[in-house]
Every structure is written in structure tokens, then in C-alpha cells.
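The structure under discussion appears below in the form of C-alpha cells.
Please treat every number below as a calculation from the coordinates, not as lab data. Computed from a prediction, not measured in an experiment: that's the story for all the values here. Cβ placement follows ideal geometry from the backbone for every residue including glycine, while neighbour counts extend to all protein chains displayed.
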Ligand code: HEC
Ligand code: HEC
């Protein structure tokens, strides 16, 4: 009797977890891996991003507010509940260390990240993404993110390809960023130590 009751209560919870695992295996893991530590440089790491930021990106891609030809068809069928479950899942995964492809640029990138550039009016990235790159619920964790992805997003915000940043915070920031600064800051970001899960 007790065992049967325990089984009754245990089943739905268990089913929920395996459902999310399964969904990710079937629809996301090819590009992002099961733990959200995407290996291909153009694909973002999802591990460690806040659930709030992840859910917003999934909704934005699904609605077209953030353009992605690759992702939009995949997200089209997801329910609100599935989006929230996926966001919760990846927010709890431990991010793996980043890969630096051009170490010579790290020092210049660190200056941009921590101090910005007073000459062209670029604000310090640390002001919003925090000094450690761990971020905050609405400000994405960028420490140890794939450098190639970071470069692409900075270019997308600068060219107006990506416009889903609230208050135009990123578009305003990167409008004055030079190509050299983009390359350098992406190397520094990749070199930053991984913040712990849950910060
Ligand atoms: C075919 C490869 C592919 C598959 C499959 C895929 N993604 Fe993506 N994903 C991408 C690419 C490429 C981007 C970057 C889009 C861009 O350039 O803006 C991305 C971006 C994202 C982002 C934004 C991350 C950030 O840092 O802003 C999230 C969240 C995401 N994907 C979640 C998912 C989920 C959840 C699934 C499964 C339901 C999935 N993806 C399946 C390739 C893929
Ligand atoms: C005034 C606040 C602010 C500043 C300063 C700022 N950012 Fe951001 N950044 C944001 C916000 C907010 C987002 C998320 C936008 C959204 O919700 O889609 C973001 C997103 C990003 C992304 C995309 C992350 C992803 O996973 O797709 C990258 C990369 C990034 N910022 C890098 C930088 C760099 C590098 C600097 C310094 C040159 C910087 N940011 C300065 C607020 C800021």
C-alpha cells in the first residue's frame, strides 16, 4: 500500500524530468549538447544562463523578435510550460571553461570589459554583466562563452540584426565599439573563470 502510494506520487515528478531530458535530447542536444555546453564555436553555451534570460530568448526567437532561421522552426511547437522547463534545466547546468583562440588580445579585452573606452564612449561591460561575467537575471552570464558566438552577437547588435535587448542597452553600448575591441573583448570573455551554478 505505502509503496503503491509512493509510486503514485513519484511517477509524475519523474515523468516531468525525463520529459525535459528527452525533449532536449531530441531537439537541442545536437547543437547545444545535453548540458548546454555547445562545442561548436558559433553555437552559444546555454549552461548557467539565468532561467529568466533563457525563457526570454526562447520566446523572442519563437515570436521572431530575435531572428534565427536555425532556431525558429525548432521552437515553434514548444508550449509555455516546456519553455519554462527547458529554461530551468539549462540554468542549473554547470558551464565548462571557455576556449581562448588568441591569447595576445586578452589584456586589451580586459580593459574594454572592466573600464570601457572613454575616448569613443563605450561603457564598461562589467557595469551590466558584472565584474566576474556571472551576470544577473536579466543580464546574461558571458564568462567562458564561446568567443565566436560573442563576436557574432556584438556585430548583430551593432548592425541592428539583433534588436531584442530591452531599453536598447546593448545596441547603444556596441554602436561605438570598434572591430578590434570586439575581437579583444571576446577573447577576454572566453578567458574568464566559470562562475559557480546559481552564483
Ligand atoms: C541546428 C542547431 C540548433 C539546434 C538544434 C538548437 N539551437 Fe539553439 N541556437 C543555435 C544557434 C546557431 C543559436 C544562435 C542564434 C543567433 O545567432 O542569434 C542558438 C541560440 C540559442 C539560444 C540563445 C542563447 C543566448 O545566449 O542568447 C537559446 C536559449 C537556445 N538556442 C536554445 C535552444 C533550445 C532550447 C533548443 C531545443 C529546443 C535549441 N536551441 C536547438 C543553434 C541550434
Ligand atoms: C547597459 C547595460 C549593458 C552593458 C554596458 C553591456 N551589456 Fe551586454 N547585454 C546587456 C543586456 C540587457 C543583454 C541581453 C539582451 C536581451 O535580453 O536579449 C546583453 C547581451 C549581451 C550579449 C549576448 C549574450 C548572449 O548570450 O546572447 C553579449 C555577447 C554581450 N551582451 C556582451 C557585452 C560586452 C562585450 C559589453 C561591453 C563592451 C557589454 N555587453 C556591455 C546589457 C549590457
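Below, the figures for the structure above:
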item	result
Spherically averaged projected area of the chain from its Cα convex hull (nm²)	12.1 nm²
Full-stretch length increase - residue 23, residue 118 - with 0.36 nm per residue and alpha-carbon distance subtracted	29.6 nm
Length added when fully stretched, residue 176-residue 68, from 0.36 nm per residue minus Cα-Cα	36.4 nm
Among 115-124, 53-62, the order from most to least packed when residues are scored by Cβ within 10 Å on average	53-62, 115-124
Inter-part distance where the stretch 127-157 and the stretch 59-95 are each reduced to a Cα centre, Å	18 Å
Point-to-point label distance, residue 197-residue 159, nm (Cα→Cβ direction, 7 Å offset)	3.6 nm
